[in-house]
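I have placed the structure first, in the form of C-alpha cells, so that the comments after it can refer back to it.
Taken together, the values in this text are just the output of simple stated rules run on the coordinates, not laboratory data. Computed from a predicted model, the values in this text were never measured in an experiment. Cβ sites come from the backbone with ideal geometry, for glycine too, and all protein chains shown count toward neighbours.
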Amino acid sequence: MTDFIRIFLPIYLIVFIFAVFLLRTFIVWKKTGVNAYALLKQEGAEGVVARYFKLVPLASIFVVFTVSVFPSAYTYLAPFYWLEELPAVTLSGLFLLIVSLIWIWISQTQMGNSWRIGIDKTNETDLVVNGVFLISRNPIFLGLAVNLVGFFLVIPNAATLAIMLLGIAIIEIQVALEEQHLLNLHNDNYVSYCKNVRRWL
C-alpha cells in the first residue's frame, strides 16, 4: 500500500462525510427546519436496518484509521495483496470513489428539501422525478453502492470486502422499505414513475 493511499483515504472520508451527510443535513434543516436524519426515528424492522446502516460508515472509519495511523496493523485486516499489486485495480477504485461522491452530491442537490437519511413518516416529501431521477429511482443509493465497491478496490482486504457486502445488502433492504413508503405516500404517481424508470439504471 502506497503512502498516497494512506493520506488520500482519511482526507476523502472527511470530505465525503461532511459533504454527503453533515452539510446536506444542515442545508435541509436551514431551509425547512426539518431534521433530515430520520434514522434515529426508526422502529421495528426499519430500526434494525437503520442500526446496520449506521454500522457501515463506522466500520469504514475504523479501517481507514487503521490503514492511515497504524499501517503495521494492516495485516490483521487480511489484505488481498494480489489485488493491491495491480495498479489498474487501485486506479479503478479511486475513480469510483471520486465519481460516486460527485454523483451522490448531484443527486442530493436535485432531491432538494425531499432528501432524507432514512424514512421520514412525520414530514411529507415531494416525489422527485427530474434530473438523475429520470434514469434511476435510487441514484443516491446507487452512488453509495458504487462507493463501497471503490473503497474495496482501493484497499482490498477481508474487512473492506465484508463492509462492501454488508453495505450493499443493507442498501437493497433499505431501498425496498423506502420504495414501499413512497408507494404509500404517492400512490398512482409513484406507480407510474416506477413503470418509466428503473430501480437502479
Just the residues that are closer than 27 Å to Trp200 by Cβ and either of a type in the set (S, T, N, Q) or surrounded by fewer than 18 Cβ atoms within 10 Å (Cβ to Cβ) (or both), please, taken from region 60-82.
Ser60, Ile61, Phe80
Which of the residues that make up region 154-168 are within 14 Å of Leu96 (Cβ to Cβ) and touching a residue at least 40 places away in the same chain (Cβ under 8 Å)?
Val154, Ile155, Pro156, Thr160, Gly167
Quick check: is even one residue across region 101-111 surrounded by fewer than 17 Cβ atoms within 10 Å (Cβ to Cβ) and either under 19 Å from Lys54 (Cα atoms) or touching a residue at least 60 places away in the same chain (Cβ under 8 Å) (or both)?
no
Please verify whether region 50-59 includes one or more residues that are surrounded by fewer than 16 Cβ atoms within 10 Å (Cβ to Cβ), of a type in the set (Val, Ile, Thr) and either assigned to a helix (DSSP H, G or I) or out of contact with any helix residue (DSSP H, G or I) (no Cβ under 7 Å at 6 or more places or on another chain) (or both).
no
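Filtering region 34-49 down to residues that are among the hydrophobic types (A, V, I, L, M, F, W, C) and under 20 Å from Gln108 (Cβ atoms), which residue is surrounded by the most Cβ atoms within 10 Å (Cβ to Cβ)? Please lay out each step first, then the result.
Keep residues of region 34-49 that are among the hydrophobic types (A, V, I, L, M, F, W, C), which gives 34, 36, 38-40, 45, 48-49.
From what's left, under 20 Å from Gln108 (Cβ atoms): 34, 36, 38-40.
Numbers: Val34: 16, Ala36: 22, Ala38: 18, Leu39: 18, Leu40: 11.
So, considering only residues that are among the hydrophobic types (A, V, I, L, M, F, W, C) and under 20 Å from Gln108 (Cβ atoms), the one surrounded by the most Cβ atoms within 10 Å (Cβ to Cβ) is Ala36.
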I'm trying to understand the selection: among the residues of region 115-130, which are over 19 Å from the mean Cα position of the chain (by Cα) and more than 14 Å from Thr32 (Cβ to Cβ)?
Lys121, Leu127, Val129, Asn130
Need pairs with beta-carbon distance below 6 Å; first residue farther than 18 Å from Trp103 by Cβ and within region 18-33, second in a helix (DSSP H, G or I); sequence gap 6+ or separate chains.
Val28/Asn113; Lys31/Asn113; Thr32/Asn113
Filter region 156-201 down to the residues that are under 19 Å from Ala145 (Cβ atoms) and of a type in the set (D, E, K, R), then identify the one that is surrounded by the most Cβ atoms within 10 Å (Cβ to Cβ).
Glu178
Could you list, ordered by first residue, the pairs with Cβ atoms under 7 Å in which the first is in region 117-133 and more than 22 Å from Trp29 (Cβ to Cβ) and the second is among the small types (Gly, Ala, Ser), at least 6 apart or interchain?
Val132/Ser107
